[in-house]
Amino acid sequence: QVRLTESGGGSVQAGGSLRLSCGTTADIYRGFCMGWFRQAPGKEREGVAIVCPVSRTNYYADSVKGRFTVSRDDANNMIHLQMNNMTPEDTAMYFCTTGGSRLRVALVSNWGQGTQVTVSS
């Protein structure tokens, strides 16, 4: 079993920032690429950002490049998603994931429970 513990969701005004966190076990943290996908009402689930172990390769959706940063916290087996200059288009349920290379939904191995992010104009 894989446990992905998410935190940091909430509400923010447009232009503001939020930081999401996702903790897991050491084995999962070291063995999988991890990241974030999101789904807004009426829209398909989409990849947001992925970071991989060892190489620490990052992948970002075009819509968040330059605004969001995904990082790995080795001391705590945790990844973070720093979201800056947020817009209402970022409003969605955000899911912590394992796998999901190249931000492909079909390649996600495990999903967290999701944390709601709401951006008001």
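Restricted to the stretch 12-38, and to residues there that are part of a strand (DSSP E or B) and over 16 Å from the mean Cα position of the chain (by Cα), the residue that is surrounded by the fewest Cβ atoms within 10 Å (Cβ to Cβ) is Q13. One residue stands out among those in the stretch 1-11 that are open to solvent by 30 Å² or more (accessible area, probe 1.4 Å) and out of contact with any Leu (no Cβ under 8 Å at 6 or more places or on another chain): the one that is farthest from P88 (Cα to Cα), which is Q1. Applying a threshold of 8 Å to beta carbon distances and a minimum spacing of six or more residues, or different chains, the list of pairs starting in the stretch 1-15 at a residue that is under 16 Å from G35 (Cβ atoms) and ending at one that is assigned to a loop (DSSP other than H, G, I, E, B) and open to solvent by 90 Å² or more (accessible area, probe 1.4 Å) reads L4/Q113; E6/Q113. Look at D62 and say whether it is of a type in the set (D, E) and more than 15 Å from L4 (Cα to Cα). Yes: the conditions hold for D62.
The values are calculated or read from the model by the stated rules, or taken from the named source; none is laboratory data. Just so it is clear, the structure is predicted and the values come from calculations on it, not from any experiment. In this analysis, Cβ positions are derived from the backbone assuming ideal geometry, glycine residues included, and neighbour counts consider all displayed protein chains. The accessibility values were calculated without ligands, DNA or RNA, using every heavy atom of the protein model including side chains. Shrake-Rupley method; radii C 1.70, N 1.55, O 1.52, S 1.80 Å.
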